[in-house]
Amino acid sequence: MSMMGPTLIVHGTEEQRQEHLPRILSGEVAWAQGYSEPGSGSDLASLQTRAVRDGDEWVVNGQKVWNTGAHYADMGILVARTDWDVPKHRGISFFFLPMKQEGVTVRPLRQITDEAHFNEVFIDGAFVPEENLLGPLNGGWGVLQTALAYERSVMGDNARGPRSGAGGPKGELSLLGLAQEAGRIGEPVVRQRVAQAIAWRQLNRLNTQRAKAELAQGNSSPIMSLGKLAMSRILHEEARVRTLLLGAESLLEGPDHPRAEDANFLALNAYFTSIGGGTDQVQRNIIGERVLGLPKEPEVDRTIPFREVKAG
């Protein structure tokens, strides 16, 4: 609902909206995203998964990684290269890939939190119907920017709370409650650290509202990168504050120690926000170039046909 639905509204045909939006809203069809590849993460435009037209279908071969929900998805958002004779950003198309077919193999990836929400996906001769092309042929990079903006909107606006639920509500209320329970709310350093985390969350709410207003006008707002980067910093800092408040208790683990369990889980899970939806370093580049107007980083392969780009 947060990524594919809005992207369909912006770029889809009326037929595509009629077919897919009701099933997205009802939850009848589960979706996953297929962007990153083992050699194309931060430089996503260098992706090498290929789609070749065969009559009224596309035959897809390649590999994707960090695909949230691919192990249960019915449909997948797929970006694939459809023209190798133009520069890398101009030869990419955006498809809907039926996941439940021969030629699509999904393998879960074990995370540092001992969960497996992400996957690697191997695509070997899978088929995509012609009508599953979203946006113009070879114009998928622009469609992808819309989808990424909505993804970053969600990641900048919301974050996963404590896993056990025993630590109370997420965010500043949880930190205040924990400081009070620990009897440390009167310590000046503790009060300063908790207040700083609260201030960062409030500032991020305001920036996110501004970015959503731009999205509502049909713009792919680079301010979404600011919110996503801010949320990453917020989560890491709140994890550090929790550890400070618990002291030696933070060394404990397991269901018998829910406060420590939550602190440790949130500290580890914060790295998801630092990586997913584009790394913190990518967001800093976007903010520098598109928000602050700083010079772009050099890209020696940006203007040459992708077929001629050296890859290793």
Breaking point among (1) over 30 Å from residue 112 (Cα atoms); (2) surrounded by fewer than 17 Cβ atoms within 10 Å (Cβ to Cβ); (3) of a type in the set (A, V, I, L, M, F, W, C), for residue 306: (2)
Helices (runs of 4 or more DSSP H) fully within segment 184-289 counting 3 or more residues that are of a type in the set (Val, Ile, Thr), farther than 28 Å from residue 40 by Cα and free of Cβ contacts under 8 Å to residues at least 12 places away in the same chain: none
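Which of the following residues is at pLDDT below 80, under 17 Å from the mean Cα position of the chain (by Cα) and under 30 Å from residue 256 (Cα atoms): 160, 233?
Working: 233 fails: at pLDDT below 80.
Of 160, 233, the one residue that is at pLDDT below 80, under 17 Å from the mean Cα position of the chain (by Cα) and under 30 Å from residue 256 (Cα atoms) is 160.
Inspect all residues belonging to segment 64-74 and state whether any of them is under 21 Å from residue 137 (Cα atoms) and either in contact (Cβ under 8 Å) with a residue 24 or more places away in the chain or in contact with a Lys or Arg (Cβ under 7 Å, 6 or more places away or on another chain) (or both).
Going residue by residue through segment 64-74, those that are under 21 Å from residue 137 (Cα atoms) are 64.
Right, trim to either in contact (Cβ under 8 Å) with a residue 24 or more places away in the chain or in contact with a Lys or Arg (Cβ under 7 Å, 6 or more places away or on another chain) (or both) and you get 64.
Yes, segment 64-74 contains a residue that is under 21 Å from residue 137 (Cα atoms) and either in contact (Cβ under 8 Å) with a residue 24 or more places away in the chain or in contact with a Lys or Arg (Cβ under 7 Å, 6 or more places away or on another chain) (or both).
Hey, among 294, 251, 244, which residue is modelled with pLDDT of 90 or more and touching a Gly at 6+ places or on another chain (Cβ under 7 Å)? Break it down stepwise before answering.
Values: 251 fails: touching a Gly at 6+ places or on another chain (Cβ under 7 Å); 244 fails: touching a Gly at 6+ places or on another chain (Cβ under 7 Å).
From the options 294, 251, 244, the qualifying one is 294.
So which of 75, 3 is in contact with a helix residue (DSSP H, G or I) (Cβ under 9 Å, 6 or more places away or on another chain) and under 28 Å from residue 302 (Cα atoms)? Show your work before the answer.
On the way: 75 fails: under 28 Å from residue 302 (Cα atoms).
Of the residues listed, the single one that is in contact with a helix residue (DSSP H, G or I) (Cβ under 9 Å, 6 or more places away or on another chain) and under 28 Å from residue 302 (Cα atoms) is 3.
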Residues located in segment 120-137, provided they are of a type outside the set (A, V, I, L, M, F, W, C) and open to solvent by less than 40 Å² (accessible area, probe 1.4 Å): 120, 125, 129, 132, 135
Scope segment 186-235; condition under 20 Å from residue 149 (Cα atoms), of a type in the set (D, E, K, R) and open to solvent by 20 Å² or more (accessible area, probe 1.4 Å); matching residues: 201, 205, 210, 212, 214, 233
Every pair of residues 6+ apart whose Cβ atoms lie under 6 Å, when the first sits in segment 96-117 and is over 24 Å from residue 132 (Cα atoms) while the second is part of a strand (DSSP E or B) and open to solvent by 50 Å² or more (accessible area, probe 1.4 Å): 116/108
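The values are calculated or read from the model by the stated rules, or taken from the named source; none is laboratory data. None of these values were measured; they are calculated from a predicted model. When we count neighbours, we look across all protein chains shown, and the Cβ atoms used for this are built from the backbone with ideal geometry, even at glycine. Side chains are part of the model used for accessible areas, which takes the heavy atoms of the whole protein and leaves out ligands, DNA and RNA. Shrake-Rupley method; radii C 1.70, N 1.55, O 1.52, S 1.80 Å.
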